[in-house]
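Written out below as structure tokens is the structure these notes cover.
The values are calculated or read from the model by the stated rules, or taken from the named source; none is laboratory data. Computed from a prediction, not measured in an experiment: that's the story for all the values here. Don't worry about glycine lacking a Cβ; one is built from the backbone with ideal geometry, like all the others, and counts go over all protein chains shown. Surface accessibility is based on the protein's heavy atoms, side chains included, excluding ligands, DNA and RNA. Shrake-Rupley method; radii C 1.70, N 1.55, O 1.52, S 1.80 Å.
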Amino acid sequence: MCAPCVMGLVEKSLNRRELLGMAVGMAAVATSSAQAQSQVAGKAFSNVADLTHVVSPSFPMFPGASPMKITEVVTVKKDGYYGNTLEIWEHTGTHMDAPAHFVDGAATADALPANRLIAPLAVINIKAKADRNPDAEVTVDDILAWERSHGRLPNGAFVAMYSGWDSRVNDAKAYVNLDSSNVQHYPGFSPAAAEFLVRQRNIVGVGVDTLSLDFGASKDFKSHVTLLGAGKYGLENLANLATVRPSGAMIIVGGPKHKGASGGPSRVMAIW
């Protein structure tokens, strides 16, 4: 960020020709960078999917959690630059659950090794089940069915549930899906599937396109406890999983890194 006073000093120290030369040079660097990225994309991957929702004060929240607040502090017109302050619960929007979220003394998000944030991505599609039953869960049978089609889960894989629930994100009532007893109803990972993944497979974490790793009506959050208790991390409120191939993609997690983070909003992408 360049404050107006800094820019003023720069302008005083450079003449018009020098400023024009700097602008041309910066444009050339940008063009060169874009060309380099294109070449890398052509050799390494050709598709990028943003698995991240835009977060705002209207984003659906787990019952009891406060929505984020965005307060405009400075504007370009008034102050010469633009900026906001944010007040936000760590588990808002597309976000990470670190092991410490459910396990006392476990790793916080800032302590997770960076090499666990890039992983082979497996997308398990349970949309047909979820369309019939909002309490649908990823089961061990679903995982084994995926493996029959795509081979054993890769070592160090990240396993994502696609239920189609992200289509409801602009309707908070439908997304949280409370019944008359204020019980939530949406899909998640079954405790048995969570146990299978941490005991029988080598994964870094799991993700869902809903509010919780556990299905909405869960009372004990056993899938959370099993997965996070094994040192895995979770991603909740993922977007656009329908656009990603079931196997062969990689996930890149721009996780939070504030001190002592139980989790936090994350920018998540898939490439293939």
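Collect the residues in the stretch 222-246 that are on the phi > 0 side of the Ramachandran plot and open to solvent by less than 60 Å² (accessible area, probe 1.4 Å), keeping them in residue-number order. Talk me through it step by step, then tell me what you get.
First, the residues of the stretch 222-246 that are on the phi > 0 side of the Ramachandran plot: 231, 237, 240.
Scanning the stretch 222-246 gives G231, N237.
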Residues satisfying the stated conditions in the stretch 190-208, i.e. surrounded by fewer than 15 Cβ atoms within 10 Å (Cβ to Cβ) and touching a residue at least 40 places away in the same chain (Cβ under 8 Å): N202
If you take the residues of the stretch 34-55 that are farther than 16 Å from L211 by Cβ and surrounded by 11 or more Cβ atoms within 10 Å (Cβ to Cβ), which of them is modelled with the lowest pLDDT? A41
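Would you check if there is a residue in the stretch 57-67 being at positive phi and surrounded by 11 or more Cβ atoms within 10 Å (Cβ to Cβ)? Give the steps one after another, and end with the answer.
Initial filter on the stretch 57-67 (at positive phi): 64.
Still in the running and surrounded by 11 or more Cβ atoms within 10 Å (Cβ to Cβ): none.
No - not one qualifying residue is present in the stretch 57-67.
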Here are some conditions: (1) out of contact with any Asp or Glu (no Cβ under 9 Å at 6 or more places or on another chain); (2) open to solvent by less than 40 Å² (accessible area, probe 1.4 Å). I124 meets all but one. Which one does it not meet? (1)
Test result for A107, of a type in the set (A, V, I, L, M, F, W, C), within 19 Å of R201 (Cβ to Cβ) and in contact with a strand residue (DSSP E or B) (Cβ under 9 Å, 6 or more places away or on another chain): no
Please verify whether the stretch 127-144 includes one or more residues that are touching a residue at least 24 places away in the same chain (Cβ under 8 Å), within 25 Å of I252 (Cβ to Cβ) and of a type in the set (S, T, Y). no
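Could you name every one of the strands (runs of 3 or more DSSP E) located completely within the stretch 180-267 that has at least 1 residues being among the charged types (D, E, K, R)?
Numbers: elements: 203-208, 233-236, 249-254, 263-265.
Answer list for the stretch 180-267: 233-236.
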Output the number of the condition that P134 fails; it satisfies all remaining conditions of (1) touching a Pro at 6+ places or on another chain (Cβ under 9 Å); (2) over 19 Å from W272 (Cβ atoms); (3) of a type outside the set (G, A, S); (4) surrounded by fewer than 18 Cβ atoms within 10 Å (Cβ to Cβ). (4)
Does at least one position in the stretch 116-129 carry a residue that is more than 21 Å from the chain's Cα centre (by Cα) and either farther than 16 Å from L235 by Cβ or among the aliphatic types (A, V, I, L, M) (or both)? yes
Checked the stretch 150-189 for anything among the hydroxyl-bearing types (S, T, Y) and surrounded by fewer than 22 Cβ atoms within 10 Å (Cβ to Cβ); matches are S167, Y175, S180, S181
